[in-house]
1. With a Förster radius of 30 Å, plug the Cβ-Cβ distance of Thr208 and Val57 into 1/(1 + (r/R0)^6) and report the FRET value to the nearest 0.05.
2. Which FRET efficiency value, to the nearest 0.05, is calculated for Arg6 and Ala271 with the Förster distance at 25 angstrom and r the Cβ-Cβ distance?
3. Could I have the simple spin-label model distance between Asp163 and His46, label points 7 Å from Cα toward Cβ, reported in nm to one decimal?
4. How are the Cα pair distances of the range 1-122 distributed, in percent, across 5 Å bins from 0?
5. Which value in Å is the Kirkwood Rh of the range 1-41 over different Cα pairs?
6. Which order do Asp133, Asp126 fall in if you start with the one that has the fewest other Cβ atoms within 10 Å?
7. According to a simple spin-label model (label point 7 Å from Cα along Cα-to-Cβ), what is the distance in nm between Val129 and Asp228?
8. What is the list of residues in the range 33-74 whose amide nitrogen lies under 15 Å from a point 7 angstrom out from the Cα of Arg16, following Cα to Cβ?
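No lab work stands behind these numbers, since they all come straight from the coordinates. As the structure is a computational prediction, the values presented were derived from the model and not from experiment. Every residue, glycine among them, receives a Cβ derived from its backbone with ideal geometry; neighbour counts consider all protein chains shown.
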Amino acid sequence: MTAEIRGEVEVFRSLRSVLVESIFWDDRTGEVVWVDITAGTLHRGHLDGAVDGSDDVVVALPVPVSAVQPAQGGGFVAALKDRVVLLGPGGTVVDEPASVTHAHGGIRFNEGKVDPYGRFVVGAMDVSVGDPDAGLYLVDADGRLDVLLGGFGVANGFEWSDDAREMYVTDTATQTVYRGSYAAGTDPLGELEPFLVGHASDGLALDTDGRFWNGVYGGGEVLCWSPDGEVLARIPMPAPNVTSVAFAGPDRDQLLVGTARENLTEEDLEASPLSGSILRIRTRATGRPVHIFGAPVVERAESVPMLERAEPVPVVERAEPVPVVERAERDETHPAPSPAPPSTERHSTWTLESPARRPSSPAETPASAGRRRACSSPKARSSC
């Protein structure tokens with residue numbers, strides 16, 4: 001596997017970001033796109049841009065902005081604390097197709113990625129003490145919002161098989177990447193089973209040979225896994241909190257690795273001054289292009305048969321969140337993962353706003369926004 005790595009780990013952007021997240025390569029513009037969750041900023045930059053980020057395009061958005069992905073029309077779909085918004089090509093908010101009311105104030109949206117059907121899958125994270133109650137949501141291009149699953153600590157890092165029949169879902173809090181069958185329709189996710197276990201996975205990328213790449217939050221490394229779930233390589237990073245991984249470049253052979261300054265003491269930051277930067281690993285592996293919101297690559301009319309999964313997804317009872325001790329820039333909403341053993345108990349008590357689209361200009365007429373409550377079962381369906 002070491003033959004898949006070319007050279008040493010490089011610095012792509014030397015930054016002081018609080019929390020780099022949601023890196024992706026934008027084929028439309030030949031740019032790398034990412035967000036700093038806590039600062040509420042969207043960044044776009046070229047591969048050969050200044051290492052200090054001085055020639056990157058930076059757009060301020062409402063705090064926190066936890067995920068961004070490409071959307072039809074040259075813009076983006078993004079996740080804020082409790083809203084999914086559409087951004088124009090310049091990065092400004094132009095519409096708000098969906099929003100949720102989380103179960104309590106300790107929950108916010110986290111990672112998001114577009115699935116092969118052109119829908120935005122966005123997970124939430126729960127930083128409160130007690131049973132985790134964060135959800136996994138599906139947002140359609142027409143503004144429909146459905147709850148896929150509940151009981152997550154930190155829903156974080158998603159991928160799909162090439163045939164779109166299987167989804168991989170990370171819960172950093174349980175140190176597990178799960179897998180389950182996937183299909184078209186409003187209830188696409190089957191029962192989940194543990195797949196990649198034992199590491200605080202943060203970010204997930206699947207290469208064209210079926211290998212998985214992920215960061216280890218708090219572990220300061222990137223792992224490469226075989227299609228069968230065996231660790232093939234461990235690549236040390238010069239920053240302990242790894243938060244995002246994505247293949248970039250015209251050939252998608254450069255693995256970009258986001259990091260964070262949150263949850264680090266002054267001593268930690270002195271020892272790891274590149275925390276908050278984006279690192280680069282040149283590989284012989286090839287990543288896959290990201291999907292575009294509203295532009296399915298798989299026909300949704302063809303419902304994919306569900307694969308039976310015997311085991312339900314375990315959920316961890318989480319310990320006290322780790323206090324953040326650092327400079328003035330911090331994100332107290334991204335806890336260190338809990339080592340607590342898994343529990344079979346699950347929770348889902350969200351209230352969702354209806355998927356009525358919100359107008360981007362006063363000339364448009366807003367639809368009334370009713371409410372509905374998600375099912376009390378772990379897998380909430382739109383028919384509830």
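1. 0.55
2. 0.35
3. Label-label distance for Asp163 and His46, simple model: 4.2 nm.
4. Per 5 Å bin, starting at 0, the Cα pair percentages come out as 2, 11, 20, 22, 18, 12, 8, 4, 2, 0.
5. Over the range 1-41, the inverse of the mean reciprocal pair distance is 12.5 Å.
6. Result, fewest neighbours first: Asp133, Asp126.
7. Here the answer is 4.5 nm between the modelled labels.
8. 39, 52-54
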